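First up is the structure itself, then whatever we jot down about it.
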Amino acid sequence: MDWITIALPKGRLADQTLDLLEASGYDCAAARESSRRLILEDPAAGLRFILAKPADVPTYVDYGAADLGVVGKDTLLEEGRRLYEVLDLGFGKCRLCVCGVPSLKDRLHTLPNKRVATKYPAVARRYFETVRRESVEIIKLNGSVELAPLTGLAEVIVDIVESGRTLRENGLDVLETIADVSARMVVNRVSMKMKSSRIHEMIEAVRVTLEARKGQGGTES
Ligand code: PRP
């Protein structure tokens, strides 16, 4: 039997993915081992899990180092890789937003040549230059992006907003929503053909579980 290699984003999305796969009939006990190992195998099921940094999942899947992966839509939009996006898994929900001080609401266009701080430079550039047709300076940060407008580093940020608590506690607000985000299952283009039956079987099993969850009144967030 061919191995199926699944790239999981280390952290909360990984646990939710394993719950979903187990509910869909896949034994994921091996992947739940708490250790520092980064590759976890279940030979009986022919499943191999690799634990990657979330932003690297599309890279592993694009190059075929993993057959499929689970990754947030925010990362997919930023990475822009040629993958098959086959399922919206319904968890990991948040929004990609432009945020800043509340006084900028409905006044974004009045600020020329804004500086935009973000962990998502490609998303931010596309949004401001292609959608809004404004020229901006993008400043790449690696976290705690909300600091940028508070310290004068940038006028606005592009970041994910989940509960809104970080914004609220720092006196910031959503100015515009760019996209809704949730976890997606993605598949390597060659694997989709070469391991077609096993991959389609998995997609279908997960799809049925997601439908059943919807019927029970919704998805986890
Ligand atoms: C993310 C994001 C926001 C926060 C949003 O940061 O960049 O800062 O979560 O969540 P909330 O709306 O529920 O407050 P993360 O926790 O990943 O840390 P980081 O800032 O170091 O990237």
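The values are calculated or read from the model by the stated rules, or taken from the named source; none is laboratory data. As the structure is a prediction and not an experimental result, all values here were calculated from the model. Using ideal geometry, Cβ is built from the backbone for each residue, glycine included, and neighbour counts are taken over all protein chains shown. Heavy atoms of the whole protein, side chains included, go into the accessibility calculation; ligands, DNA and RNA do not. Shrake-Rupley method; radii C 1.70, N 1.55, O 1.52, S 1.80 Å.
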Out of T5, T75, sole residue that is over 15 Å from I199 (Cβ atoms) and among the polar types (S, T, N, Q): T75
Select, from A183, A148, the only residue that is crowded, with 17+ Cβ neighbours inside 10 Å and either away from the ligand (no atom under 16 Å from the Cβ) or closer than 19 Å to L68 by Cα (or both). A183
Any residue that is over 28 Å from E33 (Cα atoms) and away from the ligand (no atom under 16 Å from the Cβ) - is there at least one of those in the range 59-79? yes
Can you list the helices (runs of 4 or more DSSP H) lying wholly within the range 138-221 that have 2 or more residues being hydrophobic (A, V, I, L, M, F, W, C) and under 21 Å from the mean Cα position of the chain (by Cα)? 196-215
I'd like the residue in the range 133-171 that is without any contact (Cβ under 8 Å) to a residue 24 or more places away in the chain and among the charged types (D, E, K, R) and, out of all such residues, is nearest to L108 (Cα to Cα). R133
Residues of the range 61-81 satisfying the condition of being within 22 Å of D180 (Cβ to Cβ), of a type outside the set (A, V, I, L, M) and open to solvent by 30 Å² or more (accessible area, probe 1.4 Å): K73, E78, E79, G80, R81
Collect the residues in the range 169-190 that are closer than 22 Å to Q16 by Cβ and of a type in the set (K, R), keeping them in residue-number order. R184
